[in-house]
Amino acid sequence: MTKPRPVRTAALVLTSALAVLAAVVPAQAQPGPAGAAGALPVVTPRAETATLYDDEAGGNANADDPAIWRNPSDPDRSLVIATAKEGGLRVYDLDARTVQKITPPSTGRPDDAPGRFNNVDLVHGLRLSTGRADLAVTTDRGNDRLRFHRIAPGHRGGPLVDVTDKAVPPVFNRDQDQINDQRTVYGLATWTDPRTGRSYALVSRRERTRVALLELRPTATGTVTYRTVRTLDLPSSFRLPNGKTWRPCGEPGELPQIEGMVVDPLNGMLYAGQEDVGIWRISADLKGTPKLIDKVRDYGVPATYDEDTEECTPGADPGYGGKHLTADVEGLTLVRRGGHGYLLASSQGDNTFALYDRDVADRNAYRGGFRIGARNSVLDGSEVCDGAAAFTGPLGRRYPRGLLVVQDGQATPAPAGREATGFKFVDLGTVLDAVRR
């Protein structure tokens, strides 16, 4: 997650106020952001997790990315597995109550970067030496490695059991000194190739444009490791129609990174959100030519980095940006409806969500958007959203029409001086009803 830019402060205050006004009418349309095509409907959450605090007292826990696991034998006991960065993993039930906490591993050396779980996704039915299992796969940004947890609902110590092989290698770095610079694993999407049955993780690198395809490899002892198949570097500079070259503004030495990612299992297409650029579509095997299916509003806008404020000062807008996304592009997830449905993206900069047609033949056309506002004075909405996950279809008695879980980057109320985050649980059927109006 990239911290919000100061220029967005007024927009965030306005959005929060509108969300409160919309609480009594969950799907009421509210004015969209500047440049948006019309108003967007507002939906409200049904539940929220306990607030996480990113300070020493809170265990440096910072909500980031969720995944939804459906319990096939008892859907009412399905789980939401979510990352909390240095706080590790949190496992929640469908009432958003905490079921399990998992602490990230440490090297044991005080000067090394701490373990930091960034993104999470699921693999279903991976063949281990102990039998087939569903796994939660996590990027450990602090250690530049993937971590694997078998999902075992009846396990005495909790539903997640660590099956990470002790010898898993760093993904992008050669040694611990490089890892400590934290250009490490970041975004994540999993994919099982239906032609071969092999499972993979697609992993992005922090502050770089690289995406790696990793094959997941079970070991004879019941653990899981991986090997790098290939990598792909997305562009870091862009040729504009006026003949100029545009580079997204950032700190010196940083390139426009990718975080939110998802693979469509129907066609094997990877969607990757380059935070300050837009959404890319490419084959999940990382072969072929990437296609930019939508751009952020500030695409092509020149900007100058100010080392004193650590912010970018924008110049004149040449008018080459998109209409639906305000940087950063964050959590990507699929809303599946048979062979149809949507790609959902978090437009972090204006607290909205955008839906695109899942069908490549329709060029992933934009189909609408929405906001998540406050339900009441206690259950607030979602602002500065990072990760998101959707499950379409019956999910027990609580969510018979599916569930959407989103990160809330500004959980309220929060004590002064404490960074407060969490996750909101939203009825997916309500979202689809609102968007189709």
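The values are calculated or read from the model by the stated rules, or taken from the named source; none is laboratory data. No experiment lies behind these values; they were computed from the predicted model shown. Counting neighbours? That spans all protein chains shown, and the Cβs are built from the backbone with ideal geometry, glycine included. Please note that ligands, DNA and RNA were not included when accessible areas were found on the heavy atoms of the full protein model with its side chains. Shrake-Rupley method; radii C 1.70, N 1.55, O 1.52, S 1.80 Å.
Contact annotation: residue pairs with Cβ atoms under 9 Å, 6 or more positions apart or on different chains, pairing a residue in the range 291-308 that is closer than 21 Å to Tyr271 by Cβ and in contact (Cβ under 8 Å) with a residue 40 or more places away in the chain with a partner that is open to solvent by 50 Å² or more (accessible area, probe 1.4 Å) and among the basic types (Lys, Arg), are Ile293/Arg363; Asp294/Lys323; Arg297/Lys323. Suppose the filter is touching a Phe, Trp or Tyr at 6+ places or on another chain (Cβ under 8 Å), open to solvent by 30 Å² or more (accessible area, probe 1.4 Å) and of a type in the set (Val, Ile, Thr); does Thr309 pass it? No, not satisfied. For the structure I just gave you, tell me whether Ala50 is under 15 Å from Asp408 (Cα atoms), modelled with pLDDT of 95 or more and surrounded by fewer than 19 Cβ atoms within 10 Å (Cβ to Cβ). Criteria met by Ala50. Residue count for the range 56-87 under the criterion of being among the small types (Gly, Ala, Ser) and closer than 14 Å to Gly331 by Cβ: the result is 3. The criterion of being surrounded by fewer than 24 Cβ atoms within 10 Å (Cβ to Cβ) and assigned to a strand (DSSP E or B) does not hold for Val384.
Here is the figure for the range 387-398: residues that are in contact with a Leu (Cβ under 7 Å, 6 or more places away or on another chain) and open to solvent by less than 10 Å² (accessible area, probe 1.4 Å) total 2. Quick one: would you say Ala39 is modelled with pLDDT of 55 or more and either within 30 Å of Lys323 (Cβ to Cβ) or surrounded by 22 or more Cβ atoms within 10 Å (Cβ to Cβ) (or both)? For Ala39, the condition - modelled with pLDDT of 55 or more and either within 30 Å of Lys323 (Cβ to Cβ) or surrounded by 22 or more Cβ atoms within 10 Å (Cβ to Cβ) (or both) - is met. Considering each residue of the range 245-261 in turn, at least one proves to be within 30 Å of Gly131 (Cβ to Cβ) and either buried (at least 19 other Cβ atoms within 10 Å of the Cβ) or touching a residue at least 12 places away in the same chain (Cβ under 8 Å) (or both).
Entry remark, the range 180-197: residues being out of contact with any Lys or Arg (no Cβ under 9 Å at 6 or more places or on another chain) and of a type outside the set (Gly, Ala, Ser) number 9 in total.
Within the option set Thr245, Thr223, being closer than 30 Å to Val137 by Cβ and at pLDDT 95 or above holds for one residue only, Thr223. Test Thr228 against the stated conditions and say whether it is open to solvent by 10 Å² or more (accessible area, probe 1.4 Å) and in contact with a His (Cβ under 8 Å, 6 or more places away or on another chain). No, not satisfied. Once the range 275-297 is narrowed to residues that are touching a Leu at 6+ places or on another chain (Cβ under 8 Å) and not hydrophobic (A, V, I, L, M, F, W, C), the residue that is least open to solvent (accessible area, probe 1.4 Å) is Gly278. Within the range 150-181, the set of residues being open to solvent by less than 40 Å² (accessible area, probe 1.4 Å), out of contact with any strand residue (DSSP E or B) (no Cβ under 7 Å at 6 or more places or on another chain) and either farther than 22 Å from Gly108 by Cβ or part of a loop (DSSP other than H, G, I, E, B) (or both) comprises Asn173 only. Residues that are under 17 Å from the mean Cα position of the chain (by Cα) and acidic (Asp, Glu) within the range 79-115 comprise just one, Glu86.
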